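The values are calculated or read from the model by the stated rules, or taken from the named source; none is laboratory data. These numbers were taken from a predicted model, which means no experiment stands behind them. Cβ placement follows ideal geometry from the backbone for every residue including glycine, while neighbour counts extend to all protein chains displayed. Areas reflect the complete protein model, heavy atoms only, side chains present, ligands, DNA and RNA absent. Shrake-Rupley method; radii C 1.70, N 1.55, O 1.52, S 1.80 Å.
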Amino acid sequence: MSTQQYIVVFKEGVTKEDVDKYAQQVEDNGGNVTNRYESVLNGFAAHLPESFFLSLQDDGLIDYIDSIIIFKDSASPEEIAAVMEQVRQAGGQIINTYNSVIKGFAATLSESHLQALRSITRSPNSAIKYIGS
């Protein structure tokens with residue numbers, strides 16, 4: 001079963017127990033939770049099968065679900081800033097940046113820009129490690 005990586009962020013006031021239930025549902029539906037966030041964000045990063053991703057779209061407890069771009073550990077701040085600027089110039093919006101557990105950001109991206117970034121990732125010199133969605 002094919003999965004894509006997303007970041008799932010819950011609305012303020014959603015309990016840890018509720019988030020735990022969703023994380024278990026991800027696993028039960030063929031996905032995999034890769035990181036849990038509890039201090040800055042209330043949510044998790046996960047590989048989600050498309051059918052399960054679609055079922056979460058209108059869930060009342062979820063604030064947003066977005067693509068996630070993860071950089072190689074060796075990526076410089078300048079390389080990350082350049083990719084973020086490309087996203088903005090293409091009409092995307094940076095939702096959150098991450099520097100502690102992972103080096104990357106969540107963003108809204110058009111399908112065409114997502115494909116363009118994926119083609120850059122194939123280069124051995126690319127600073128990007130992974131693009132989800």
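Annotation note: Cβ proximity below 6 Å between a residue of the stretch 69-86 that is among the aromatic types (Phe, Trp, Tyr) and a residue that is surrounded by 11 or more Cβ atoms within 10 Å (Cβ to Cβ) and not in a strand (DSSP E or B) (sequence gap 6+ or interchain) occurs for Phe71/Ile80; Phe71/Lys103; Phe71/Ala127.
What do you reckon, is Ile80 touching a helix residue (DSSP H, G or I) at 6+ places or on another chain (Cβ under 9 Å), closer than 27 Å to Arg36 by Cα and at pLDDT 75 or above? Spell out the reasoning first.
On the way: touching a helix residue (DSSP H, G or I) at 6+ places or on another chain (Cβ under 9 Å): no; closer than 27 Å to Arg36 by Cα: yes; at pLDDT 75 or above: yes.
Considered against the rule, which asks whether it is touching a helix residue (DSSP H, G or I) at 6+ places or on another chain (Cβ under 9 Å), closer than 27 Å to Arg36 by Cα and at pLDDT 75 or above, Ile80 comes out as no.
Taking the stretch 12-33 as the range and being buried (at least 18 other Cβ atoms within 10 Å of the Cβ) and hydroxyl-bearing (Ser, Thr, Tyr) as the test, only Tyr22 passes.
Residues are listed down the side, and each one gets a yes or a no for (1) among the hydroxyl-bearing types (Ser, Thr, Tyr); (2) at pLDDT 85 or above; (3) farther than 17 Å from Thr97 by Cβ:
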site	(1), (2), (3)
Gln5	no, no, no
Asp18	no, yes, yes
Gln24	no, yes, yes
Glu27	no, yes, yes
Glu38	no, no, yes
Asp59	no, yes, yes
Met84	no, no, no
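Within the stretch 87-111, the set of residues being in a helix (DSSP H, G or I), exposed (fewer than 15 other Cβ atoms within 10 Å of the Cβ) and modelled with pLDDT of 70 or more comprises Arg88, Gln89.
Checked against (1) assigned to a strand (DSSP E or B); (2) open to solvent by less than 30 Å² (accessible area, probe 1.4 Å); (3) under 24 Å from Asn125 (Cα atoms), Val9 passes all but a single condition, namely (3).
In this entry, Glu50 is excluded by the filter for residues that are over 26 Å from Gln115 (Cα atoms) and either basic (Lys, Arg) or in contact (Cβ under 8 Å) with a residue 12 or more places away in the chain (or both).
Looking for something part of a helix (DSSP H, G or I), in contact with a His (Cβ under 9 Å, 6 or more places away or on another chain) and surrounded by 14 or more Cβ atoms within 10 Å (Cβ to Cβ) - is there at least one such residue anywhere in the stretch 55-72? Step through it out loud before you land on a result.
We begin by selecting, within the stretch 55-72, every residue part of a helix (DSSP H, G or I); these are 55-56.
Now restrict to residues that are in contact with a His (Cβ under 9 Å, 6 or more places away or on another chain): none.
Checked against the condition, which is being part of a helix (DSSP H, G or I), in contact with a His (Cβ under 9 Å, 6 or more places away or on another chain) and surrounded by 14 or more Cβ atoms within 10 Å (Cβ to Cβ), the stretch 55-72 yields no hits at all.
Taking only the stretch 48-90 into account, find how many residues are farther than 22 Å from Ser123 by Cα and among the aliphatic types (A, V, I, L, M). Total satisfying the criteria: 6.
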